[in-house]
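To start, the structure itself, in structure tokens.
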Amino acid sequence: MRAERLLSAYTWGFLIFMFAPLLLMVLSSVNDISPPSVTEWQGLTGKWYAFFWMPEDALRTDEVLRTLDRERFVGCFGNSLYVAAFVVPLSLLLGLAGAVLLTRWRSRVNGLLWWVLLSPMLAPGIVLGLSALVFWGRLGVNAGLFTIIMAQTTFVAGYPMLVLMARLQRQPIELEEAALDLGATPFRVFWRLTLPYLAPALISAGVIAFMASMENYNTTMFAKGGACTFATEIGAMARNPNGHPPVINAVGTIIIVLTVMAATAHTLLARREAQA
């Protein structure tokens, strides 16, 4: 009984430690005070959310919101979507190639290949960003969105590789061997058997790669040059010496809501498929 109580107390303590800051962020996003606070309450407001669509005249009348560059913030968010549009497919292709290589090619150097392919995930983001900056700079490419894409792809590709490897390791290899014995080419086997089997894992890996690209800060910060992304712009706003604007809390709340909605939809679809 004592052990169960300790485990229960630890679990509740862990949950509070994880989710209390998120709850405070949500509460402060509707508090009419800047910098954000939950101890000093000034009343409910939705202007931190309305910042993204309110008229320019109303924006200029607010002493906090008029100091923010809305066009730049939206532009940086667009840059993140642009970067992710390249990082996700590149990461999926590289991750798929690595997963197939490590699960289908039996060799003594598999262990070495494993660590080589995963090493970008283990390297500090600062190292990856500076490496991309120096490498492409020597080739005459200025730092910008292109170097961000290259730097992010080096480590984001590791996530799809792990997801796809887990899926491939559960696929019966006998199906591929039987197809090859019946005269199918390796490409046809991959296209008709392996790829359809990997489809759910590819979707999951794509979502993970997209999220990793959008939220990345360390690598992007050192590879961006004069460009900006969603994460780096929020980081710049958070470094305000007078305290970060509550708009950041509003953005964080929106991300939480979208994440919960996506997770709920995925759970409901999974249950429906299991009952079918």
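A simple charge model with +1 on the Cβ of Lys and Arg, -1 on the Cβ of Asp and Glu and nothing else charged puts the dipole of the stretch 2-67 at about 380 debye relative to its Cα centre. Scalar couplings 3J(HN,Hα) for the stretch 30-41, obtained by applying the Karplus form with A = 6.51, B = -1.76, C = 1.60 to θ = phi - 60°, are 10, 9, 7, 8, 9, x, x, 7, 10, 8, 10, 9 Hz; x denotes Gly and Pro.
Once the Cβ-Cβ distance of Leu182 and Ala270 is raised to the sixth power relative to R0 = 30 Å, the FRET efficiency obtained is 0.30.
Using packing as a proxy for protection, rank 10-21, 141-152 so that the peptide with the highest average count of other Cβ atoms within 10 Å comes first. Write down the numbers at each step before the final one.
Numbers: 10-21: 10.0, 141-152: 21.2.
Most protected by this proxy first, the peptides run 141-152, 10-21.
Would you look at the GNM of the chain, springs on alpha carbons closer than 10 Å, and say which of Asp69, Asp57, Asp32 moves the most? Of the options given, Asp57 has the highest mean-square fluctuation. Fewest-first ordering of Trp114, Trp41, Trp53, Trp48 by other beta carbons within 10 Å of each residue's beta carbon gives Trp53, Trp41, Trp114, Trp48. You can think of it this way: the chain between Leu6 and Ile173 has 55.6 nm of extra reach, that is 0.36 nm per residue less the Cα-Cα gap. In the stretch 2-67, taking the dipole from charged Cβ atoms about the Cα centre, the farthest positive-side position among Leu7, Pro55, Thr45 is held by Leu7.
For the stretch 9-103, what class follows from the C-alpha gyration tensor (a ≥ b ≥ c being the square roots of its eigenvalues): rounded when a/c is under 1.5, otherwise prolate if a/b is larger than b/c, else oblate? Oblate is the answer for the stretch 9-103, as a/c is 1.5 or above yet b/c matches or exceeds a/b. Could you give the length gained on full extension between Leu24 and Arg106, defined as 0.36 nm per residue of separation minus the Cα-Cα distance, in nm? Between Leu24 and Arg106, full extension yields 24.4 nm more.
Could you tell me whether the chain comes out rounded, prolate or oblate from its Cα gyration tensor? Rule is a ≥ b ≥ c as square roots of the eigenvalues, rounded for a/c under 1.5, then prolate if a/b exceeds b/c, otherwise oblate. Prolate, because a/c is 1.5 or more and a/b exceeds b/c.
Whats the longest run of the chain with zero trypsin sites (Lys or Arg not before Pro) that are DSSP loop and have at most 11 other Cβ atoms within 10 Å? Segment 1-105 is the longest. If a/c stays under 1.5 just call it rounded; otherwise compare a/b with b/c (prolate if a/b is bigger, oblate if not). Do that for the stretch 156-276, with a ≥ b ≥ c from the square roots of the Cα gyration tensor eigenvalues. Oblate, since a/c reaches 1.5 and b/c is not below a/b. The spacing between the stretch 169-190 and the stretch 15-59, judged by their C-alpha centroids, is 56 Å. Over all other residues within a Cβ to Cβ distance under 14 Å of Gly183, the charged ones net out to -1, with Lys and Arg as +1 and Asp and Glu as -1.
Segment Thr61..Val260, full-extension length gain: 68.2 nm, with 0.36 nm per residue of separation and the alpha-carbon distance subtracted.
Loop-only GluC sites (Glu not before Pro) in the stretch 1-76, please: DSSP not H, G, I, E or B, and at most 15 other Cβ atoms within 10 Å.
Details: sites: Glu4, Glu40, Glu56, Glu63, Glu71; in loops: Glu40, Glu63.
Answer by residue number: Glu40, Glu63.
Whole-Hz Karplus values for the stretch 4-21 come out as 5, 5, 5, 5, 5, 5, 5, 4, 5, x, 5, 5, 5, 4, 7, 9, 4, x Hz, taken residue by residue from phi with 6.51 cos²θ - 1.76 cosθ + 1.60 and θ = phi - 60°; glycine and proline positions read x.
Each residue of the stretch 120-126 was assigned a 3J(HN,Hα) from its phi angle through the Karplus expression (A = 6.51, B = -1.76, C = 1.60, θ = phi - 60°), giving x, 5, 8, 6, x, x, 4 Hz with x at Gly and Pro.
A cut-off under 13 angstrom between Cβ atoms defines the neighbours of Leu130, and their net charge, with Lys, Arg +1 and Asp, Glu -1, is +2.
Just so you know, all these numbers are worked out from the coordinates, no wet-lab data involved. Owing to the predicted nature of the structure, the values given are computational and were not obtained by experimental measurement. Quick reminder, even Gly has a Cβ in these numbers, built from the backbone with ideal geometry, and neighbours come from all protein chains shown.
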